[in-house]
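Before any comments, here is the structure.
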Amino acid sequence: MLAATKASSRRPLRLTLAWRTFESMNMVGRLMQIAGLTVLPVAVLLEMMGRLGRRGLSDMLLLMVFGAISFYLGRYLEGYARSQ
């Protein structure tokens, strides 16, 4: 929900999101970080057990890139939610 607020007489009118939206953004960011940190060891274990198949190394690299991107996007999302 958007709400128009005026902080003081000197500041211009600005649009802000409701507080609950930022709380849920914080939670989604944390879940993305946890998912990113979980994918990395799982990729290594799958490679060590030989479960990734013939293209194991390239699949492991894709999983590691996905985990890293998920972690960093979650970190940025959580940081944005906290700054608001």
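Each value in this text was obtained by applying a stated rule to the coordinates, not by laboratory testing. Values in this document were obtained by computation on a predicted structure and should not be read as measured data. Reconstructed Cβ throughout: ideal geometry from the backbone, glycine too, with neighbour counts over all protein chains shown.
Of the residues 52, 63, the single one that is touching a helix residue (DSSP H, G or I) at 6+ places or on another chain (Cβ under 7 Å) and part of a loop (DSSP other than H, G, I, E, B) is 52.
The residues of the stretch 23-63 that are buried (at least 16 other Cβ atoms within 10 Å of the Cβ), closer than 28 Å to residue 77 by Cα and either hydrophobic (A, V, I, L, M, F, W, C) or in contact (Cβ under 8 Å) with a residue 60 or more places away in the chain (or both), listed by number, are 25, 32, 39, 40, 43, 60, 63.
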